[in-house]
Amino acid sequence: MVDSTNEGIASRIPTFRPYPEYKDTGVDWLGKIPAHWSVRRLKTISSVQLSNVDKKSVEGQEKVRLCNYLDVYYNERITENMEFMAATATSEHVRRFSLNAGDVMITKDSESWTDIAVPAVVVKNLPGVLCGYHMALIRPYHKAIDGRFLARACAAIGPRDQFHIAANGITRFGLTEDAIKTSVFGFPPIVEQRAIADLLDRETAKIDALLAKKERLIELLREKRTALITQAVTKGLDLSVPMKDSGVEWLGKIPAHWEVKRLKFVLAAPLKYGANESAELDDPDLPRYVRITDIDESDGLREETFKSLPPEVAKEYLLREGDLLFARSGATAGKTFLYRKSWGECAYAGYLIRARLEIKKVRPEFIRYFTASLSYWQWLASTYIQATIQNVSAERYASLSLPSPPVAEQCAVVSFIALQTAKIDALVAKIQEAIGRLKEYRTALISAAITGKIDVRDEVRR
């Protein structure tokens, strides 16, 4: 089912043939282009301006709206239906940076060089909307360049690489105006540019619609997963047993033979905050230093973020089999991680709280699944300590009310959830793989069409 949706689009690849004749451009990343195409520097076919329009509103200036970095980063097309930031600007800024149909904006600086020169094309004239700070406004000479083609070219593998290479910086990367103006592209005649842009608009729209369906399916599967876990950890596996009111609003009814216990009463040791140490070492022979950013969505640890601690520092914070870590602040507050010996020797960081559970009273896996339930997150939403960031203290976690079935029943619930979620997770992984292939094909199709590797003219005529 998953693969067939990819085949429907991927099967179109063989219908595109190369152009009948090519010529060498002398540009390494561009290579050969169709014989009738030309190689041009951007400054010869467009104007380029780096925006310096500030987000602040100044009394006496004209009221405008700003198309900002994120508007461009997350949208290939800039339309009148988007919500733009209210601001003010000088009359000179309005004259220079108002957005017109066919204009192309690219991100000119970012914390990552891979986010440099992300493009978006303006679909129609947008009076009162200006190109915001951190971006460059490229205005094509319309008799020579189609803005949609140029925007696709900036995003295509090959042309975009020249911007990544030209970006300067260490912790933040940026493009100079000259680097943008001297960038090199291969261009077909304007009529062919428009035909290529039309085709890519149609084909990418089809791919995007399919991607949206797949992503929605993943959302539904994840909702089903959460509902399944919630049902199992709060109602048990036998729905015919008598129920009782738990006395806890966000838990509701639980099986009559279950108890409700606070977390602090099922601990083998008091809750403990982690080490307040900087993550500087990456020696694989030393204990791993587990931080909240190391924990992935699959309850694993990311290899690419590995950091370690000296043994003398780590010893007080070493984890044992079954220890459960709770994130205590920020956007990840409430997130949990169940430690296994298979991860090797690990110590944990200060933004995490360790719960060492009494296994004669509770199964760590059961508690871990409970922290993935809707009931747990409802409790969390009601208990946040609001400061500048969300925060849940050890004292708050200690007061967490837990559904507590007999240990043997906990084991049965854990086995059931593990089996059922494995099926859902496998399906999600398969869909994600299909999404990855579709995105790769989308990128490859754009790059092949923009750089002249495939001749789409016959397709356009159909």
### Task
Identify the residue in the range 340-389 that is surrounded by 21 or more Cβ atoms within 10 Å (Cβ to Cβ) and hydroxyl-bearing (Ser, Thr, Tyr) and, among all such residues, is nearest to Asp285 (Cα to Cα).
Tyr348
### Task
Could you tell me whether any residue of the range 393-413 is out of contact with any helix residue (DSSP H, G or I) (no Cβ under 7 Å at 6 or more places or on another chain), at pLDDT below 95 and in a helix (DSSP H, G or I)?
yes
### Failed condition for Ile295, given (1) within 25 Å of Cys411 (Cβ to Cβ); (2) crowded, with 17+ Cβ neighbours inside 10 Å; (3) modelled with pLDDT of 95 or more
(3)
#### Entry: Among the candidates Lys253, Lys235, residue that is more than 19 Å from Ala372 (Cβ to Cβ) and free of Cβ contacts under 8 Å to residues at least 24 places away in the same chain
Lys253
### Residue ID - nearest to the chain's Cα centre (by Cα), chosen from residues in the range 350-388 that are at pLDDT 95 or above and assigned to a strand (DSSP E or B)
Leu352
### Message
Quick check on this structure: which one of Leu211, Leu263 is surrounded by 15 or more Cβ atoms within 10 Å (Cβ to Cβ), more than 24 Å from Tyr397 (Cβ to Cβ) and not acidic (Asp, Glu)?
### Response
Leu211
### Selection from the range 79-102 of residues that are surrounded by 13 or more Cβ atoms within 10 Å (Cβ to Cβ), within 16 Å of Tyr133 (Cα to Cα) and either out of contact with any strand residue (DSSP E or B) (no Cβ under 7 Å at 6 or more places or on another chain) or not aromatic (Phe, Trp, Tyr) (or both)
Met85, Ala87, Thr88, Ala89, Thr90, His93, Val94, Arg96, Ser98, Leu99
### Query
Among (1) buried (at least 16 other Cβ atoms within 10 Å of the Cβ); (2) part of a helix (DSSP H, G or I), which single condition is Ala205 missing?
(1)
### Task
Out of the residues in the range 186-207 that are in contact (Cβ under 8 Å) with a residue 12 or more places away in the chain and under 28 Å from the mean Cα position of the chain (by Cα), state the one that is farthest from Ala434 (Cα to Cα).
Ala197
### Query
In the range 169-203, what residues are within 17 Å of Lys453 (Cβ to Cβ) and polar (S, T, N, Q)?
Gln193
### Message
I'm trying to understand the selection: among the residues of the range 83-122, which are over 22 Å from Pro159 (Cα atoms) and either touching a residue at least 60 places away in the same chain (Cβ under 8 Å) or among the β-branched types (Val, Ile, Thr) (or both)?
### Response
Thr88, Thr90, Val94
### Task
Determine which member of the set Ile157, Ile207, Ile180 is among the β-branched types (Val, Ile, Thr), outside the structural domain of Gly436 (by TED's automatic domain parsing) and touching a Leu at 6+ places or on another chain (Cβ under 9 Å).
Ile180
### Task
Check every one of the strands (runs of 3 or more DSSP E) wholly within the range 112-183 and list those with 3 or more residues that are surrounded by 17 or more Cβ atoms within 10 Å (Cβ to Cβ) and among the acidic types (Asp, Glu).
none
### Message
Being under 26 Å from the mean Cα position of the chain (by Cα) and assigned to a helix (DSSP H, G or I) is the filter here; which residues of the range 281-315 pass it?
### Response
Ile292, Thr293, Asp294, Glu303, Glu304, Thr305
### Task
Sort through Ser278, Ser240 and tell me the only one that's in a loop (DSSP other than H, G, I, E, B) and within 28 Å of the chain's Cα centre (by Cα).
Ser278
### Query
Of the residues that make up the range 67-82, is at least one in contact (Cβ under 8 Å) with a residue 60 or more places away in the chain and assigned to a strand (DSSP E or B)?
yes
#### Entry: Matching option when the condition is under 28 Å from Asp198 (Cβ atoms), touching a residue at least 60 places away in the same chain (Cβ under 8 Å), in contact with a strand residue (DSSP E or B) (Cβ under 6 Å, 6 or more places away or on another chain) and not basic (Lys, Arg), among Leu42, Leu50, Leu137
Leu137
### Query
Pick from Ser447, Ser415: which is among the polar types (S, T, N, Q), closer than 30 Å to Lys360 by Cβ and assigned by TED's automatic domain parsing to the domain that holds Asp201?
Ser415
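Quick grid of which residues meet (1) exposed (fewer than 12 other Cβ atoms within 10 Å of the Cβ); (2) farther than 25 Å from Asp201 by Cβ; (3) under 30 Å from the mean Cα position of the chain (by Cα):
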residue: Ala35; (1), (2), (3): yes, yes, no
residue: Lys43; (1), (2), (3): no, yes, no
residue: Ser51; (1), (2), (3): no, yes, yes
residue: Arg77; (1), (2), (3): no, no, yes
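The values are calculated or read from the model by the stated rules, or taken from the named source; none is laboratory data. None of these values were measured; they are calculated from a predicted model. Backbone-built Cβ (ideal geometry, glycine too); neighbour counts: all protein chains shown.
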